[in-house]
Amino acid sequence: MAKAKNPKYTSPRAIASYPYLNKPDEFKGACRFKADLVMDRDVAAPLIEKCEDALKAFVEKHNEQVADGSKKGKKLNLKKALATGLPFDEHEEDEDKVVFKVKQNAVVNGDKVRLVYYDAKGTRIKKAPIIRGGSTIKVSGTIRGYEGFGGGVTLSISAVQIIDLSEGGADLEDGSAFGFEEEDGFEADAYEEGFEEDEDGSFDADDAPDDEDDDDEDF
């Protein structure tokens, strides 16, 4: 029997929160692209329903395989899975909003994953701009089931559409953003003349993500 493919999804327009969509986040040995997607509950309804349907199908198939002996393990409780295994949470401050969590391992089966980016018109972007928190985006990927923690589904990331970019905070080059006014006295230009940049002109640390295989299951 051919393996069933994971269902695809495309999110509605959402506000990105804590996005790591240009470079993966490294935390406790994990290396993932990820973001929280904040959206109105009514706008999110179709995606919520799609995730619920995918979870029901995954649990049903899993339990059938356990029953016929083709898979080892315990049967999953659908009610518990629906209560704890969906990839979104209630918004902490606004009951009319929900927060979807999307993530993608940066390395799968030894191969680096490269996300694809598009502008608001649907034209592919070869070099994506920095996607900061507050940006309006849409995300596309697949819904993947997992057995652990009572069962659930996750939203992987394949592509990102950038609708509106956030500036991501104050301009740190201009002190007026913090209420500082021009005064007579110390000037940085005169002080910094004796300093030189590194050979590569950068003061950033090098990125060296660790490999981690994708352990989510196919339906």
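The values are calculated or read from the model by the stated rules, or taken from the named source; none is laboratory data. This structure is a prediction, so every number in the text was calculated from the model and none was measured. Because the Cβ atoms are built from the backbone with ideal geometry, glycine has one as well, and the counts that use them run over all protein chains shown.
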Strands (runs of 3 or more DSSP E) wholly inside the range 81-122 that include at least 1 residues being under 18 Å from residue 146 (Cα atoms), in contact (Cβ under 8 Å) with a residue 12 or more places away in the chain and out of contact with any helix residue (DSSP H, G or I) (no Cβ under 6 Å at 6 or more places or on another chain): 88-90, 97-105
Residue in the range 130-148 that is touching a helix residue (DSSP H, G or I) at 6+ places or on another chain (Cβ under 7 Å), closer than 24 Å to residue 27 by Cβ and assigned to a loop (DSSP other than H, G, I, E, B) present: yes
Selected residue (only one of 142, 123 is more than 13 Å from the chain's Cα centre (by Cα) and of a type in the set (S, T, N, Q)): 123
Verdict on residue 8 being out of contact with any helix residue (DSSP H, G or I) (no Cβ under 6 Å at 6 or more places or on another chain), under 22 Å from residue 160 (Cβ atoms) and at pLDDT 95 or above: yes
Scope the range 102-112; condition crowded, with 18+ Cβ neighbours inside 10 Å and either under 13 Å from residue 142 (Cβ atoms) or at pLDDT below 95 (or both); matching residues: 102, 103, 104, 105
So residue 138, is it under 16 Å from residue 9 (Cα atoms), surrounded by fewer than 17 Cβ atoms within 10 Å (Cβ to Cβ) and touching a residue at least 24 places away in the same chain (Cβ under 8 Å): no
Extreme residue, nearest to residue 102 (Cα to Cα), among residues of the range 127-153 that are aliphatic (A, V, I, L, M) and out of contact with any Phe, Trp or Tyr (no Cβ under 9 Å at 6 or more places or on another chain): 137
Matching residues in the range 158-171 - criterion: being within 30 Å of residue 59 (Cα to Cα) and either assigned to a strand (DSSP E or B) or in contact with a Leu (Cβ under 6 Å, 6 or more places away or on another chain) (or both): 159, 160
Hey, residue 54 aliphatic (A, V, I, L, M), in contact with an Asp or Glu (Cβ under 7 Å, 6 or more places away or on another chain) and in contact (Cβ under 8 Å) with a residue 60 or more places away in the chain or not: no
Any hit, the range 7-22, residues being closer than 26 Å to residue 59 by Cα, among the small types (Gly, Ala, Ser) and surrounded by 15 or more Cβ atoms within 10 Å (Cβ to Cβ): yes
